[in-house]
1. Looking only at segment B:29-55, filter to residues that are modelled with pLDDT of 95 or more and of a type in the set (D, E, K, R); which one of those is nearest to the chain's Cα centre (by Cα)?
2. Any chance you could count how many residues in segment A:127-151 are assigned to a helix (DSSP H, G or I) and in contact with a helix residue (DSSP H, G or I) (Cβ under 9 Å, 6 or more places away or on another chain)?
3. If we keep just the residues of segment B:40-86 that are in contact with a Phe, Trp or Tyr (Cβ under 7 Å, 6 or more places away or on another chain) and either in a helix (DSSP H, G or I) or among the β-branched types (Val, Ile, Thr) (or both), which is farthest from ligand 1 (Cβ to nearest atom)?
4. Checking B:Leu207 against (1) touching a strand residue (DSSP E or B) at 6+ places or on another chain (Cβ under 8 Å); (2) at pLDDT 90 or above, only one condition comes out false. Which one?
5. Yes or no: segment B:49-65 includes at least one residue that is surrounded by fewer than 23 Cβ atoms within 10 Å (Cβ to Cβ) and at the interface with chain A (Cβ under 8 Å from one of its Cβ atoms).
6. Here is a list: A:Ala312, A:Ala366, A:Ala304. Which entry is small (Gly, Ala, Ser) and within 14 Å of chain B (Cβ to nearest Cβ)?
7. Among the listed residues B:Gly79, B:Gly58, which satisfies the condition of being away from ligand 2 (no atom under 16 Å from the Cβ), at pLDDT 95 or above, under 16 Å from B:Met169 (Cα atoms) and out of contact with any helix residue (DSSP H, G or I) (no Cβ under 7 Å at 6 or more places or on another chain)?
8. Inside segment A:265-301, can you point out the residues that are under 26 Å from A:Leu413 (Cα atoms), part of a strand (DSSP E or B) and either among the polar types (S, T, N, Q) or in contact with a Pro (Cβ under 6 Å, 6 or more places away or on another chain) (or both)?
Amino acid sequence: MNLSDYQNEFDNLISKQSFSAVSQPSRKDTFSKFLDSGLPTRKWEDWRHTDLSFLNKNNFRIPESSDASDGSIDISNYEIPNTFTVIIINGHYLTINSDLPKEITVSTNSNGENWTPKNKKDTPFELLNASLSDSTITITTEPNASIQKPIHILFLCTGNDDLMINPQVNIDISHSSSATIIEQYVSNTSSFFQNTSVFASIEKNASLNHVRIHSNSDQTANISGLHVTQSDDSTYNYFQLVDGGALQRSDIYTNLKGKNATCSLSGLALLDKKQHSATYIISDHIMPNCVSLQNFKSVLNGSASGVFNGRAIVREDSQKTDSKQSNKNLLLSDQALMNSNPQLEIYADDVKCAHGSTTGALDKEALFYMQSRGINKKEATSLLIRGFVSELINDIKNEDVKDYLFEKFDNWLLNNNQ
Amino acid sequence: MLEVKNLHVEVEGKQILNGIDLNVKPGEMHAIMGLNGSGKSTLSNAITGRENYSVTKGDIIYKNESIVEMEPNERALAGIFMSFQYPTVIPGVNNTYFLRAAVNAKRKYNKQKEYDAASFLKFVKSKLKEVEMDSKYLKRAVNEGFSGGEKKRNEMLQLLCLEPELAIMDETDSGLDIDALKIISKGINNYKNKDRSFLVITHYQRLLKYIEPDVVHVLIDGKIIKSGGKELALELEEKGYSWLES
Ligand SMILES: Nc1ncnc2c1ncn2[C@@H]1O[C@H](COP(=O)(O)OP(=O)(O)OP(=O)(O)O)[C@@H](O)[C@H]1O
Ligand SMILES: [Mg+2]
């Protein structure tokens, strides 16, 4: 679709009867900024490895309530035991499968009334999200609450056409509270474009475990912006699994605005065919004594391609910063391609920083060693790939979530090691 | 058991073995000695089927069948084992898990019931005892962080678990302290019987004090230039290799 198609969608959206007029001026302003910038092209530095033709050649529209009328998607494949499941259908219809504890609130707002343009970065997709988002999902914890069971938010997109959703998720983890939130995106439409913006604020001494699962068909584009702000003594653990989708892009900004905060970002991309996954990160150290970790891996098969562009900025006042970046990639085919670019920008002198990146094929020595013990090549390959990814998945603290992620990995492997 | 006939092997376009003949009968132990770079490990790799070790001439016969076209794992399942000169480190792959996969592959091949985690642990415990190895090594990734000697012990453990009929020991004695050398030699001696053969590659006479080879071969420039009894090893220890080369 081109800019005039986006314009049509925008006009349709704001002319809806159910839609609040209050937000219209700022929304129009935001949308015109989007039109001014246009969608990125490969001439843009941060987009030069990412081909957006999937978005250009499909025509997506914002779903209507009628799209979800003919029953629902079978969610049995996406259920994770011992979690609270929250289902968001086509961006706004909310069902909660179980009783949430009173210390946590999940709400949606589907008329855009309390909408404020939260596009902290004026990137095209954030501007698009802010203009086209027709619902916000807000998750708030009470102070001092420790919510053990993960909250599993399942974004389902269903309908017969090519649909797009622009969810906006606000997460507020109040001081000294803790929670685990799993975001997952699933669709059964003919093609699907999901453009999400997530804003998480982790207050003093609070902690958030955040897992995001992008598992979708080859006819899906997942674009997401994630903005995290951390206060003193807070902890943020993020893990993303990408195991499908034609195009996946994460832009992650973490602001370590408090002292003694820890921010750990990790991710695993399992790609094949022509899939593309790109992760761009900025971990911004503003205050002293913070830890930031970036640990990302990809396994690329077919002619898949990936990008890791992780930056850590260590500002003048952020002494005693401990920052590590690691990116490791396994290429299963000669056509697969990875661009890895960990970067450090350091303006403080008393800091501990390290970064590293490796990209290579399966270790032939290790394969031969295993084969020489009677293990066939296929099984040896599986053992090696599993060994490569398990370090990351094993770091997930919740056992049910860990099992679920391993299950997804095993499924992927079944199709990619034949 | 093993018959190597006029074996010529090329590695990456380079001719390394220039016509090796070897005949190891069931129950025999053969020792191979020779200078660095003479081709001893190349011979082991060719027998076990490592990629890029191409047989350009000659044949390797194991149990009356040519094995040069067989995959490495098929050779292993048929009963060939190599203790690596430099055992490979495999990050992320748990040692127990790996060993169980190997033992189960063999059991499946032999149409035996595969071990589950619990029964395998029982099985491996008795083997650990034989090589005096602590079970903590099973919890690590394969050979990761193992010292040189620990790696060799781990090779011996794998041998005992997989019960090969032809075991190639490529410098398993190198880098071992005296106690470890005794343990490994005892392991070899206990394991050896009338149906099991050994091909032992070593630089040191001292190993041959503990284990008694039936034949000693001298390999130079990819050819066996002399074979004899165990006294040949003593002679080499005294005189070196130069008297043989001319
Ligand atoms: N993969 C390879 N590529 C190129 N040359 C090789 C390769 N493998 C072995 N060679 C060469 O073949 C020759 C024989 O090597 P090999 O490892 O068989 O010697 P060796 O007798 O086992 O020596 P050592 O006593 O040092 O273990 C050496 O010159 C070595 O450099
Ligand atoms: Mg050698």
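The values are calculated or read from the model by the stated rules, or taken from the named source; none is laboratory data. What you are looking at is a predicted structure, and each value in this text was computed from that prediction instead of being measured. Don't worry about glycine lacking a Cβ; one is built from the backbone with ideal geometry, like all the others, and counts go over all protein chains shown.
1. B:Lys40
2. The first filter runs over segment A:127-151 and keeps only residues assigned to a helix (DSSP H, G or I), leaving A:127-132.
Now restrict to residues that are in contact with a helix residue (DSSP H, G or I) (Cβ under 9 Å, 6 or more places away or on another chain): A:127-128, A:130-132.
Count: 5.
3. So, considering only residues that are in contact with a Phe, Trp or Tyr (Cβ under 7 Å, 6 or more places away or on another chain) and either in a helix (DSSP H, G or I) or among the β-branched types (Val, Ile, Thr) (or both), the one farthest from ligand 1 (Cβ to nearest atom) is B:Leu77.
4. Unmet for B:Leu207, out of (1) touching a strand residue (DSSP E or B) at 6+ places or on another chain (Cβ under 8 Å); (2) at pLDDT 90 or above: (2).
5. Of the residues in segment B:49-65, the ones surrounded by fewer than 23 Cβ atoms within 10 Å (Cβ to Cβ) are B:50-59, B:61-65.
Next, only the ones that are at the interface with chain A (Cβ under 8 Å from one of its Cβ atoms) stay: B:50-51.
Within segment B:49-65, one or more residues are surrounded by fewer than 23 Cβ atoms within 10 Å (Cβ to Cβ) and at the interface with chain A (Cβ under 8 Å from one of its Cβ atoms).
6. Working: A:Ala312 fails: within 14 Å of chain B (Cβ to nearest Cβ); A:Ala304 fails: within 14 Å of chain B (Cβ to nearest Cβ).
Step by step, each of A:Ala312, A:Ala366, A:Ala304 is checked, and only A:Ala366 is small (Gly, Ala, Ser) and within 14 Å of chain B (Cβ to nearest Cβ).
7. Details: B:Gly58 fails: under 16 Å from B:Met169 (Cα atoms).
Testing whether each residue is away from ligand 2 (no atom under 16 Å from the Cβ), at pLDDT 95 or above, under 16 Å from B:Met169 (Cα atoms) and out of contact with any helix residue (DSSP H, G or I) (no Cβ under 7 Å at 6 or more places or on another chain) leaves just B:Gly79.
8. Passing the criteria: A:Ser266, A:Ser277, A:Thr279, A:Gln294, A:Asn295, A:Ser298.
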